[in-house]
Each structure stands twice: as C-alpha cells, then as structure tokens.
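Engineer: Just passing along the structure, written as structure tokens.
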Amino acid sequence: MDSKESSETDLQHIWVKVQQKLKITSRRIGSAIPYIAVDHRYDDIGSTHLTWWTNGFWAGLLWQMYHATQDQQYLEVARIIEKKLDAALAQEDQLDHDVGFMWLNAAVTDYKTTNDPEAKARGLKAAQILAGRYQPSGRYLLAWNGVDKKGQVIVDCFMNLPLLYWASETFNQPEFAQIATNHAYTATKALVRADGSVNHIAVFEPQTGELLKTLGGQGYGEGSAWSRGQAWGIYGLALAYRNTNDSYFLNQAKLVANAFIANVALSGYVSHIDFRAPEEPVYWDTTATAIAICGLLELSQYLPTDQQQLYHASALKMFWALTERFCDFNPADDELLTGGSAKYHRASDREVPIIYGDTFYIEALLRLLALDLTIY
Ligand code: GLY
C-alpha cells in the first residue's frame with residue numbers, strides 16, 4: 001500500500017469515528033446554538049446572545065454532515081437553527097459584517113442544498129445588510145458597530161464576501177459583487193504585509209478613506225501575526241481569486257499560505273495563537289489550523305500540478321497533527337476539536353473547544369475525502 005492509499009484509508013477511519021460521534025452529539029446538543037464547551041458540554045449562546053457572530057457554525061456543520069451522509073436528522077436540526085436566527089436577522093442594528101458567516105452557514109447552504117425559497121430570502125436579506133456596510137470613501141465594508149470602531153476593516157471579512165458574490169449571481173445584481181471586489185482589493189493592500197504575515201485590523205479615516213494605522217486585534221499586539229487572522233487570509237484570498245479570477249489574489253494567497261506553513265512547521269504543524277507572541281507561555285489555537293487546512297485545500301486546486309504538492313501535503317500534515325493531538329472522538333463529550341482560542345489576551349478564551357473549530361475540522365476532513373459541501 002503506498003502512502004496515498006494508506007492516508008485515504010486512515011481518513012475513512014476518522015470519518016467513521018466522526019459519524020459515530022456526531023450521530024450522538026447532534027442529538028444531545030440538538031437545536032441549542034453552541035459556542036464554547038466547558039466540562040465537555042457546549043453552552044447555548046443562542047439563548048442569551050442570538051446575534052453573536054458564531055451562531056451559524058453549528059448549522060453549517062450539520063449541513064456538511066447532511067450533505068455527506070444524507071441523514072435527515074442533520075437537516076432537521078439545521079432548519080430549526082435557521083428559523084431561530086430569524087429573530088437575529090430582524091435586529092439589523094445588532095448585526096455586523098459577520099452576517100456573512102452567519103447566513104452563509106445557516107441559510108444559503110440550505111438554499112444551495114434544497115432550493116428552499118425561505119432560505120434564499122434570508123440569504124438576500126443578509127446580503128443587503130452586509131452591502132449596507134459599504135463605505136465608498138475608502139471602498140471597504142465596515143467590520144463592526146460603534147463610534148470607537150469607525151473606519152475599521154478586519155481580515156476575517158474576506159470570508160463574508162462569498163455572501164455578496166452569491167447574491168450577485170442568484171439575484172442578477174452585479175453591484176453586490178462590485179462591492180465585494182472593491183473591499184477585497186482595499187483589504188488586501190491594507191492588511192497583507194510584504195512577508196506574508198497579516199494584520200488583523202486596519203483603520204481608515206472615515207471621511208477621506210485614507211489608511212491611518214493597523215491594530216493587533218485578537219492577536220498578541222500591534223505588528224504581531226494572529227494565526228486565525230493568517231488562516232482567514234489564506235482561505236479568504238483563495239476565495240477572492242475564485243470570485244474575481246485576478247491572479248493578484250492567488251499570489252497573495254500563496255504568500256500568506258507560505259508564511260503560515262513556515263510557522264506551523266516550527267510547532268508540529270499546529271498553530272500557536274500568534275506566530276509572533278513570546279516563546280513562553282505556549283498557547284495553541286487549533287481553530288486557526290483547521291481553517292488554514294481548508295484554505296490550503298481551496299488554494300491548491302487553483303494551482304498548476306507542480307505547485308499543488310506543497311499546499312496539499314502541508315494541509316495533510318496539519319490535519320493529522322490536529323487529529324492525533326487535539327481531537328476528542330468520545331461521543332460522551334460534546335466537542336470534537338479541543339485547544340481552540342478565541343483571542344490571546346483573555347484566559348477564558350484560550351485553549352477551549354470552540355464550535356467553529358469543529359465546523360472547519362469537519363470541512364477539512366470532508367474536503368480531503370472529496371465529500372464536502374461548498375459553504376463559502
Ligand atoms: N471573526 C472573529 C474571529 O475569528 O475570532
């Protein structure tokens with residue numbers, strides 16, 4: 001058996017374990033909307049904070065499971081969550097640019113899977129909210145709300161742009177795509193550094209659109225390299241290439257991917273929270289690794305064969321490092337991926353199971369098995 005066959009057999013073995021676990025945990029978690037697990041039980045952040053940016057990821061995970069297994073149980077729970085989120089969609093002032101993450105996962109994916117007209121309408125409403133955040137002065141989408149967040153653009157937003165491209169194509173409204181593309185150019189120039197590391201936040205002067213400064217955001221500090229931001233960069237820039245066909249984005253995606261691979265090679269192919277934090281203490285962020293795997297696999301498919309190997313082989317190394325060191329396949333525990341970190345400077349947000357870690361780990365596995373559903 002050569003190493004490729006062996007690896008595919010091993011992936012199938014993990015897929016069986018994931019199915020066995022999710023069959024049980026999806027019943028136990030049900031239509032709660034999980035965020036962080038404590039003592040092996042996910043919370044239900046949906047009951048206290050329905051507009052929170054992560055509230056689509058459980059539905060997205062369930063849609064991936066439905067797509068790969070055709071088990072109706074997953075569809076039914078995902079639909080309940082989608083309907084629950086209607087009360088969030090009605091609170092536009094409480095929502096931000098992450099309507100992309102929320103309704104790509106919770107509604108657009110339903111529409112792509114089942115053609116459901118209500119899901120399509122939810123996707124359009126979310127796209128209109130996102131497009132309404134466009135700032136023509138600087139040609140960008142405003143990330144967050146509040147006077148202290150004026151002019152702020154963040155790397156994560158690359159992942160929200162597919163909502164606009166979807167709406168543009170589905171409703172034949174090219175202005176959605178134009179906004180997304182304008183933002184992608186602005187964000188790439190402001191956020192991607194020459195060495196392939198990425199700033200989390202760029203701040204523009206709201207009236208003139210002039211770039212004022214960059215901020216450290218959820219990473220260690222200004223000038224550091226927050227690993228999840230780097231991972232959003234790989235995946236988001238590859239998606240920007242897919243949607244624009246401009247090789248500028250492909251080259252930028254490669255640059256960011258190369259930097260990510262070089263950094264995780266120093267730590268056993270799992271990411272620290274920040275690649276430029278002090279050596280001690282070591283804090284892991286497995287969510288960044290899971291997202292980066294998906295991004296590397298997205299990227300590799302746009303490259304000539306002789307360039308694919310670096311990205312595909314690195315994605316596999318990262319996948320197995322997560323699987324062997326950080327996965328919990330015990331159905332008695334809710335979480336699948338341990339060791340996620342929401343931000344560097346808050347202890348309760350470090351090295352905990354976070355729902356989007358599970359979602360992107362499953363997407364990574366299904367991508368490697370060619371069983372995945374396209375959410376972004
Ligand atoms: N989008 C916010 C984060 O990645 O934590």
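Engineer: What are the GluC sites (Glu not before Pro) within segment 260-328 that DSSP puts in a loop, where the Cβ has at most 15 other Cβ atoms within 10 Å? Please report the intermediate quantities before stating the final value.
Structural biologist: Details: sites: Glu279, Glu298, Glu324; in loops: Glu279.
Those satisfying the criteria are Glu279.
Engineer: On to the next question. Could you list the trypsin sites (Lys or Arg not before Pro) in segment 1-106 that lie in coil according to DSSP, counting only those with at most 14 other Cβ atoms within 10 Å of their Cβ?
Structural biologist: Numbers: sites: Lys4, Lys17, Lys21, Lys23, Arg27, Arg28, Arg41, Arg79, Lys83, Lys84; in loops: none.
Qualifying residues, ordered by number: none.
Engineer: Please state, rounded to one decimal and in Å, the Kirkwood hydrodynamic radius that segment 223-329 gives when every pair of distinct Cα atoms enters the mean of 1/r.
Structural biologist: Details: mean 1/r = 0.0727 Å⁻¹.
Hydrodynamic radius (Kirkwood, Cα only) of segment 223-329 equals 13.7 Å.
Engineer: Using the count of nearby Cβ atoms within 10 Å as a rough guide to exposure, how do Ser348, Ser224 rank from fewest to most? Write out the running numbers ahead of the final one.
Structural biologist: Numbers: Ser348 9, Ser224 20.
Ascending number of Cβ neighbours within 10 Å: Ser348, Ser224.
Engineer: Most fluctuating residue of Leu237, Leu266, Leu95 in a GNM of the chain with Cα springs under 10 Å: which is it?
Structural biologist: Leu266
Engineer: Moving on. For the chain, what class follows from the C-alpha gyration tensor (a ≥ b ≥ c being the square roots of its eigenvalues): rounded when a/c is under 1.5, otherwise prolate if a/b is larger than b/c, else oblate? Can you show the working numbers first?
Structural biologist: Working: a/c = 1.36, a/b = 1.11, b/c = 1.22.
It is rounded, given that a/c, with a ≥ b ≥ c, falls under 1.5.
Engineer: Please give the contour-minus-distance gain from Thr374 to His13: 0.36 nm per residue of separation, less the Cα-Cα distance, rounded to one decimal in nm.
Structural biologist: Numbers: separation 361, 0.36 × 361 = 129.96 nm, distance 2.28 nm.
Difference between extended and current length: 127.7 nm.
Engineer: Which pairs, out of Lys149/Lys343; Lys17/Lys343; Lys17/Lys112; Lys125/Lys189; Lys112/Lys150, put more than 24 Å between their alpha-carbon atoms?
Structural biologist: Pairs exceeding 24 Å: Lys17/Lys343; Lys17/Lys112; Lys125/Lys189; Lys112/Lys150.
Engineer: Taking the Cα centre of each part, how many Å lie between segment 274-306 and segment 4-82?
Structural biologist: Here the answer is 22 Å between Cα centres.
Engineer: Hey, another quick one. Please sort through the DSSP H helices of the chain and keep those with an alpha-carbon extent of at least 15 Å along the long axis and a Kyte-Doolittle average not below 1.0.
Structural biologist: On the way: long enough: 3-29 (37 Å, -0.92); 57-69 (18 Å, 0.38); 72-84 (18 Å, -0.68); 117-131 (21 Å, -0.01); 174-191 (25 Å, -0.14); 227-244 (25 Å, -0.26); 247-264 (25 Å, 0.74); 286-300 (21 Å, 1.43); 305-326 (31 Å, -0.42); 355-368 (20 Å, 0.70).
TM-like helix candidates: 286-300.
Any read-out appearing in this document is the output of simple, stated calculations on the displayed coordinates, not a laboratory observation. Treat the numbers as computed from the prediction; the structure is a model and nothing was measured. Cβ: placed from backbone, ideal geometry, glycine included. Neighbour counts: every protein chain shown.
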